[in-house]
Amino acid sequence: MKSASPEKVQLPLPLAFRPALGRGDFLVSACNADAVAWIDRWPSWTYPHLVIYGPEGCGKTHLAHVFVERSGALVLSAPDEVVLAFLIHESRAVVFEGADKLAGNPDGERFLFHLMNLQKENGSSLLMISDTAPSAWGVHLPDLRSRLLAAQVAGIEAPDDALLEGVFLKLFADRRVDVDADVVQYVLPRIQRSFAGVKALVESLDAAALSKTRRITIPLARDVLAEKSR
């Protein structure tokens, strides 16, 4: 009697993919509607400083990309004195990603304070992206703390079922992979109900499908979930 041949396994190549980051690609739900409304409202902000905060994978960076497209903003992820000097002579909107990471760093806090002052004086906008609300950053510089407390704040909350399903399908669409709706309905009750949980599962399912040269189906999803639970 012939023994069953082992399942063919193909090592997946680490191919890069470009997520769709346009305004029309952003999935709007009750949990993120406030943040989206602020981006859509630009340049008619009532105050020049806006903080958008939320957990990993919630769409903060996507909204920052939309804002850059609309405003032509400069993007910072660390203090940059050259940019600060440039803004003295030319008014431009600015996005600062990871602004909360500057808290507790004296030089970083002073930079953010000067940047906020400069944008206000120039009549320009500053969008700050962070994981938490400014009140939780633990800022030491009193003047910066007062500026942050005066800023407009929009939080992105925990996702509802409809948004999680939409994020799941979008992440696969970004990878140009078709997944049936029944697969989504099967996996969502069985994973961490967060943006990060959906992202991690999409990566695992895509890698498993590539390595086994199989479509993403419920049986494959069941195998991947079982492997992740070990």
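Selection of segment 94-114 for residues being in contact with an Asp or Glu (Cβ under 7 Å, 6 or more places away or on another chain) and of a type in the set (Phe, Trp, Tyr) yields only Phe113. Might you check whether a residue that is outside any loop (DSSP other than H, G, I, E, B) and either among the small types (Gly, Ala, Ser) or modelled with pLDDT of 95 or more (or both) occurs anywhere in segment 4-23? Within segment 4-23, none of the residues are outside any loop (DSSP other than H, G, I, E, B) and either among the small types (Gly, Ala, Ser) or modelled with pLDDT of 95 or more (or both).
Considered as a group, the residues in segment 56-67 that are part of a helix (DSSP H, G or I) and of a type outside the set (Lys, Arg) include one that is nearest to Val167 (Cα to Cα), and that residue is His62. Give me the residue from segment 178-200 that is of a type in the set (Asp, Glu) and in a loop (DSSP other than H, G, I, E, B) and, out of that set, farthest from the chain's Cα centre (by Cα). The qualifying residue farthest from the chain's Cα centre (by Cα) is Asp180. Counting only residues that are among the β-branched types (Val, Ile, Thr) and more than 24 Å from Tyr53 (Cβ to Cβ), segment 157-205 holds 5 of them. The set of residues in segment 46-66 being closer than 11 Å to Leu126 by Cβ and at pLDDT 95 or above consists of Pro48, His49, Leu50, Val51.
Of all residues being among the aliphatic types (A, V, I, L, M) and loosely packed, with under 15 Cβ neighbours inside 10 Å in segment 67-107, which is farthest from Ser124 (Cα to Cα)? Just the residue, please. Ranking the candidates gives Ala78 first.
Residues in segment 128-172 that are of a type in the set (Val, Ile, Thr) and modelled with pLDDT of 95 or more: Ile129, Thr132, Val139, Val153. Taken together, the residues in segment 190-205 that are surrounded by 18 or more Cβ atoms within 10 Å (Cβ to Cβ) and either touching a residue at least 40 places away in the same chain (Cβ under 8 Å) or at positive phi (or both) amount to 2.
The values are calculated or read from the model by the stated rules, or taken from the named source; none is laboratory data. Keep in mind that what you see is a predicted model, and the values were worked out from it rather than measured. Because the Cβ atoms are built from the backbone with ideal geometry, glycine has one as well, and the counts that use them run over all protein chains shown.
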